[in-house]
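See below for the structure under consideration.
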Amino acid sequence: MYKILIAATAFLLTPALDAQVKIMAPAAGFGVYAPKDCSAFPTNGVLSYTASTNHVRLYQAYVKNVNNLLQRFKELEQEGKADTADYAELKRRFGWEFNGMRLHELYFAQFGAAPLAENSELRQALAAQFGSFDAWQAAFTGLAQTRGAGWAVLAYDRPAKRFLNVWITDHDKGVPAGVELLLVLDLFEHAYLTDFQLDRARYAQAAWGALNWPLIEKRFAK
């Protein structure tokens, strides 16, 4: 009987899943996720080449785990075991793996050191809500100092036309339903420990200076 093995990181979880999940060909209508091309991330200027490539490997493990879990769901469903404790525990785990995949995709893509124009719609909208763009930046920088493993996120609630600075604990706790994630900052220790030791503020400053703001603004303009 399949048992989920809880691990501290995706590096540890991957062998556990590989050892117990039979890889099966995708069934009709069943999609398999492929890792995004992250080849540009090691040259973005935020992290060293070693830290960047290790970070990408971690992301690739999340993609692999998502696919393994989806295939295991299919197996259990075909076996009539969708009401079992094993199935339920795997479903609880799925949000961690899936959000780990998607948050990293947003994170890797947003770097490129391109400034935000003074007259940009995003800058003006943030200033209108927070009093000034600098005031929003200060609030977001403060959020990035939150203790614990997680993500600092600028989210946009499009129906309300309102920005939210959100802390996501781990990958899957505290994500407001229905919001759009515009800017994400990985604040797990693996993201900064190699290059910045425990100095989160210096890491956040380095990340800030390397952001591709036109891409972030495209996320807002959708």
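Derivation of every value follows stated rules applied to the coordinates shown; laboratory data play no part. Predicted, not measured: the structure shown is a model, and the values here were computed from it. Every residue, glycine as well, gets a Cβ built from its backbone with ideal geometry; the counts of neighbours run over all protein chains shown.
Under 17 Å from a point 7 Å along the Cα-to-Cβ line of Y33: which residues of region 123-153 have their amide N that close?
So the set is 151.
Find the Rg to Rh ratio for the chain, where Rh is the Kirkwood radius over alpha-carbon pairs and Rg uses the same atoms.
1.00
Which value, in debye to the nearest 20, gives the size of the charge dipole of the chain about its Cα centre, when Lys and Arg are +1 and Asp and Glu are -1 at the Cβ?
That gives the chain a dipole magnitude of about 200 debye.
For helix 133-143, report the angle its Cα long axis makes with the longest principal axis of the Cα atoms of the chain; keep it between 0 and 90° and round to the nearest 10°.
40 degrees
For the chain, set up a GNM with springs between Cα atoms under 10 Å and report which of V179, V166, V153 has the largest fluctuation.
Fluctuation is largest for V179.
Determine, for the chain, the count of lysine pairs separated by eight or more sequence positions (or lying on different chains) whose alpha-carbon distance falls under 14 Å.
9
If you place +1 on the Cβ of every Lys and Arg, -1 on the Cβ of every Asp and Glu, and leave all else neutral, what size is the dipole of region 121-221 about its Cα centre, to the nearest 20 Debye?
Rounded to the nearest 20 debye, it is 260 debye.
If you fit an axis through the alpha-carbon atoms of helix 10-20 and take the longest principal axis of the Cα set of the chain, what angle between them do you get, 0 to 90°, nearest 10?
Relative to the chain, helix 10-20 is tipped by roughly 20 degrees.
In whole angstrom, how far apart do the alpha carbon centroids of region 160-177 and region 111-125 sit?
About 22 Å separates the Cα centre of region 160-177 from the one of region 111-125.
Looking at the chain, which longest stretch skips every one of the GluC sites (Glu not before Pro) that is in a DSSP loop with at most 13 other Cβ atoms within 10 Å, leaving the sites themselves out?
119-222
Compute the helix-to-body angle for 49-78: its Cα long axis versus the longest principal axis of the chain, expressed 0 to 90° and rounded to tens.
It works out to around 40 degrees.
Among F73, L103, V56, which residue has its Cα furthest toward the positive end of the charge dipole of the chain, with +1 on Lys/Arg Cβ and -1 on Asp/Glu Cβ?
F73
Out of all Cα-Cα pairs in region 121-221, roughly what percent, to the nearest whole number, are more than 24 Å apart?
21 percent
Hey, got a sec? Which trypsin sites (Lys or Arg not before Pro) in region 138-196 land in a DSSP loop and have at most 10 other Cβ atoms within 10 Å?
R147, K161
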